[in-house]
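Written out below as structure tokens is the structure these notes cover.
The values are calculated or read from the model by the stated rules, or taken from the named source; none is laboratory data. The model shown is predicted, which means the values in this text are computed figures rather than measured ones. Reconstructed Cβ throughout: ideal geometry from the backbone, glycine too, with neighbour counts over all protein chains shown. When the accessible area is computed, the model is the full protein with side chains, heavy atoms only, and any ligands, DNA or RNA have been set aside. Shrake-Rupley method; radii C 1.70, N 1.55, O 1.52, S 1.80 Å.
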Amino acid sequence: MQTTIHSLKKGQKATILDFDIDLIPLKLLEMGCLPGNEVELLQIAPFGDPLYLDINGSHLAIRIETAKLIEVELINNITK
Amino acid sequence: MSLKNINVALIGNPNVGKTSVFNQLTGLNQQVGNYPGITVEKKMGFCKLPNNVKANILDLPGTYSLNASSIDESVVIELLLNKNDRLYPDVALVVTDVENLKRNLLLYTQIKDLEIPTILVINMADRMEHKGITLDIPYLEQHLKTKIALISSRKGHGIEELKNLIVSYKTISAEPCLNASIIDPEYFNSLRHAFPNQLLYKLWLVITQDVNFLNLERNEIRSSFTKSHSDLKRLQQKETIKRYQFINDVLKEGLKIDSSVAKDFRSKLDRVLTHKVWGYLIFFMILFVIFQSIFEWSKIPMDFIDSTFATLSTLAGEHLPSGMLTNLISQGIIPGIGGILIFIPQIAFLFLFISILEESGYMSRVVFLMDKIMRRFGLSGKSVVPLISGTACAIPAIMATRNIENWKERLITILVTPFTTCSARLPVYAIIIGLVIPDTYVFGILNLQGLTLMLLYVIGFGMAILAAYILNLILKVKGKTFFVVEMPNYKLPMFKNVAINVIEKTKAFVFGAGKIILAISIILWFLASYGPGKEFKDAEKIVFENAKENPLSSTEFDNAVASQKLENSYIGLMGKSIEPVISPLGYDWKIGIAIISSFAAREVFVGTLATIYSVGGTDNENTIKNKMAAEINPVTGEKIFNFASGISLLMFYAFAMQCASTLAITKKETNSWKWPAGQLVFMSTLAYLVALIAFQVLK
């Protein structure tokens, strides 16, 4: 299923598909946020923002506005 | 054989233990000066290497890549692009964390492309077994075209081997790892033809970012090789992908991870520390402990230093031959030095806590926890670190805003940071709280004086937030917002790093601020010991005339003469001249003197009062605090330092911008006089008004 990082649930993993290169900070690419790499949502901050992610082994926090720009494909839906 | 010092630059991502490596190499041979007056963004140290070679070790700010997105990162690039810089490295050490090797190598491949001899330092090797990691060092050395030092800076393993590698830096390859130009061969070829003598990768860096480049006319490159922002970014993305491909290929053979060994201590701790209830509760508990300890635990050493200097002053007065020089020593210099040293315990405690929080990785969680809240006020989660560091000193705190990528958020943080209660306010707070707040306990355990102090910190922080909110509404600054924070692994803080940090910062306080305080103490003593007119010269005669009707005892007479002299000394006249302005705030001319002299730096306030009361001593009290407590207003007959005037003074010092060094650093970081001037006017006006209201309401 295609979606953006922003709509991942805690503990969900996904593969990065694409993003708008003009809007996304270069730093994020350098931290490993590149098409084909894996991302996992680890934590959501109180009040829902920012998000704490594991992107390709880098542990980082980004804001929702950025997370909305990154299209991903879910790897497996966590069993509920 | 020439004994030229080798220049070594330490480069690496944040949180890889770069500072530990720096501390292991240099120990206490460091030069860090970021307290009043001096601002140094590059930490320097010296290291003795085998064969009698000395190395200058330069610790550069942590950076993820050579594409600068913050001022901190551009410091690194500017140095590495400028071969003429005095500090340009003969050899670069790229420090990496074995657990994040893939990402860390991105920076490494960029440094290699600058054709600087580079040693790859793989840190935290002691955790490899624990994490199930194995490395094929010969394979990696061959493909990364370098020498690798496998070290553990925590345990001190591998440091000697690293020193040996540095000494033989000439044998280390300066060859690039990969050929970045294939991302757009046509473009790079034309670049190469236009600037045949320049390194291609350097040109590329100059084109893609905003750093000062000294050797080249960047406008020239820019105009003929300009591309749209979007095209450039696409190329940068291509470059990044290409670098990762290279790294992945190398690591596929050179690195093996048995992930079944890895454990999830981090996620468990994260769940608690970033919890929506526990997270905040723990954070405020930590802050509370810090503030209680600053006041409670520091008391014993502070009282000891206080009484020691009082005794020294008395001894000097009694035992040295009487005369001007003795007076200068016993009334000017000794109380002046005492006024500086007494704050060492509190400053040391503050830096102790701050460096433990930074070292452990906890600060990043605070950033994560606070971002949403701070954003409402135009700040960033990253502003929390400057605001907390501001409790030590606004100068390093303002410098710590450099990792905030968004200019508006950064500017607001810079402007409001001076409201947080810095350690220079502590002396003033401590002494006034001691005078006007009773030393009692509420609820059995909470010290009322400690609580008051904490309240002052809260007021400072609250004012910072409020000012930020207003600035956020007023300021029209354009800039893209983005926020990327690395959440490092939790680490037990290293004793050596914390200790060095505390010692260095305290030393910088004592010698940096101390020089100013001592100089002002001496000047004040002179101004207080001499006066222009008859009233000063003939003080004895005047007192004698006035006292004809009811004769004074000899002590009373001496005291009356001393007061008469002080009142008519140069400084006394200065204080008197501003009395009309400050008397609505509840201050007399003696406090006026202290306010004038503490304009350059707040901590001078107490030293000034110490000097003034020593000169005009009207009782037998030894310490400054007792002297202040005994001061009586001759007109009303009431104590000068009562509840109303005390609170008014606390408010004045909470808000007034009395720190020349902070103004200087604001000027430097914002590159304009507009912002420091605004800070000065706004904060001083606010301080005056709040103090005025406080006194008028409470008196």
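Within the stretch B:226-242, the set of residues being in contact with a helix residue (DSSP H, G or I) (Cβ under 9 Å, 6 or more places away or on another chain) and more than 9 Å from chain A (Cβ to nearest Cβ) comprises B:THR226, B:LYS227, B:LEU232, B:LEU235, B:LYS238, B:GLU239, B:LYS242.
If I filter the stretch B:220-227 for residues that are over 30 Å from A:LEU42 (Cα atoms), at pLDDT 85 or above and in a helix (DSSP H, G or I), do I get at least one hit?
Pass one, the stretch B:220-227, residues over 30 Å from A:LEU42 (Cα atoms): B:220-227.
This time we only want the ones that are at pLDDT 85 or above, so: none.
The answer is no, given that none of the residues of the stretch B:220-227 is over 30 Å from A:LEU42 (Cα atoms), at pLDDT 85 or above and in a helix (DSSP H, G or I).
The residue list B:MET463, B:MET487, B:MET454 contains one member that is in contact with a helix residue (DSSP H, G or I) (Cβ under 6 Å, 6 or more places away or on another chain) and within 14 Å of chain A (Cβ to nearest Cβ), which is B:MET487. Number of residues in the stretch B:664-688 that are open to solvent by less than 30 Å² (accessible area, probe 1.4 Å), modelled with pLDDT of 85 or more and among the hydrophobic types (A, V, I, L, M, F, W, C) equals 2.
Here's a check for you: in the stretch A:29-80, which residue that is of a type in the set (Asp, Glu) and not in a loop (DSSP other than H, G, I, E, B) is nearest to B:LEU273 (Cα to Cα)? Even if it seems obvious, please write down each step before you answer.
First pass over the stretch A:29-80, keeping only residues of a type in the set (Asp, Glu): A:30, A:38, A:40, A:49, A:54, A:65, A:71, A:73.
Imposing the further condition that a residue be not in a loop (DSSP other than H, G, I, E, B) reduces the set to A:30, A:38, A:40, A:54, A:65, A:71, A:73.
Values: A:GLU30: 27, A:GLU38: 25, A:GLU40: 19, A:ASP54: 17, A:GLU65: 24, A:GLU71: 29, A:GLU73: 30 Å.
Going through the qualifying residues, I end up with A:ASP54.
Name every residue in the stretch B:268-293 that is farther than 30 Å from B:THR452 by Cβ, open to solvent by 60 Å² or more (accessible area, probe 1.4 Å) and touching a helix residue (DSSP H, G or I) at 6+ places or on another chain (Cβ under 6 Å), in order of residue number.
If the condition is that a residue be farther than 30 Å from B:THR452 by Cβ, open to solvent by 60 Å² or more (accessible area, probe 1.4 Å) and touching a helix residue (DSSP H, G or I) at 6+ places or on another chain (Cβ under 6 Å), then B:VAL272, B:LYS276 are the ones that fit.
All conditions but one from (1) in a strand (DSSP E or B); (2) open to solvent by 40 Å² or more (accessible area, probe 1.4 Å); (3) facing chain B (nearest Cβ under 7 Å) apply to A:ASP22; the one that does not is (1). As for the stretch A:7-15, it holds no residue that is within 23 Å of B:ASN13 (Cβ to Cβ) and within 11 Å of the chain's Cα centre (by Cα). Go over the candidates B:LYS268, B:LYS276, B:LYS252, B:LYS263 one by one and state the one that is at pLDDT 85 or above, away from every other protein chain (no Cβ under 12 Å) and under 30 Å from A:LEU41 (Cα atoms). B:LYS252 is the lone residue from the list that is at pLDDT 85 or above, away from every other protein chain (no Cβ under 12 Å) and under 30 Å from A:LEU41 (Cα atoms). Please tell me if B:VAL76 is buried (at least 21 other Cβ atoms within 10 Å of the Cβ) and within 20 Å of A:SER58 (Cα to Cα). Answer is no for this residue. For B:ARG86, the conditions (1) basic (Lys, Arg); (2) more than 14 Å from every other protein chain (Cβ to nearest Cβ); (3) touching a residue at least 12 places away in the same chain (Cβ under 8 Å) are fulfilled apart from (3). If only residues of the stretch B:432-443 that are at pLDDT 85 or above and among the hydrophobic types (A, V, I, L, M, F, W, C) are counted, the one that is most open to solvent (accessible area, probe 1.4 Å) is B:LEU435.
B:LYS478 satisfies every condition listed in (1) at pLDDT below 80; (2) among the charged types (D, E, K, R); (3) in a helix (DSSP H, G or I) except (3).
Condition first: open to solvent by 40 Å² or more (accessible area, probe 1.4 Å) and among the small types (Gly, Ala, Ser). Can you find one or more residues in the stretch B:325-347 that meet it? Working first, answer last.
The first filter runs over the stretch B:325-347 and keeps only residues open to solvent by 40 Å² or more (accessible area, probe 1.4 Å), leaving B:325, B:327, B:329, B:331, B:333, B:337, B:341, B:344.
With among the small types (Gly, Ala, Ser) added as a condition, the list becomes none.
Within the stretch B:325-347, not a single residue is open to solvent by 40 Å² or more (accessible area, probe 1.4 Å) and among the small types (Gly, Ala, Ser).
For the stretch B:539-577, residues that are of a type in the set (A, V, I, L, M, F, W, C), within 30 Å of B:SER648 (Cα to Cα) and open to solvent by less than 50 Å² (accessible area, probe 1.4 Å) total 4.
The residues on offer are B:GLY646, B:GLY592, B:GLY607, and the sole one that is among the small types (Gly, Ala, Ser), in a helix (DSSP H, G or I), within 19 Å of B:VAL428 (Cα to Cα) and at pLDDT below 85 is B:GLY607. Inside the stretch A:33-79, residues that are of a type in the set (D, E, K, R), within 21 Å of A:ASP22 (Cβ to Cβ) and at the interface with chain B (Cβ under 7 Å from one of its Cβ atoms) make up a count of 1. The set of residues in the stretch B:99-113 that are crowded, with 20+ Cβ neighbours inside 10 Å and either assigned to a strand (DSSP E or B) or at pLDDT 90 or above (or both) comprises B:LEU101, B:ARG103, B:ASN104, B:LEU105, B:LEU106, B:LEU107, B:TYR108, B:THR109, B:GLN110, B:ILE111, B:LYS112, B:ASP113. Looking across B:LYS42, B:LYS54, one residue alone is modelled with pLDDT of 90 or more and among the basic types (Lys, Arg). It is B:LYS54.
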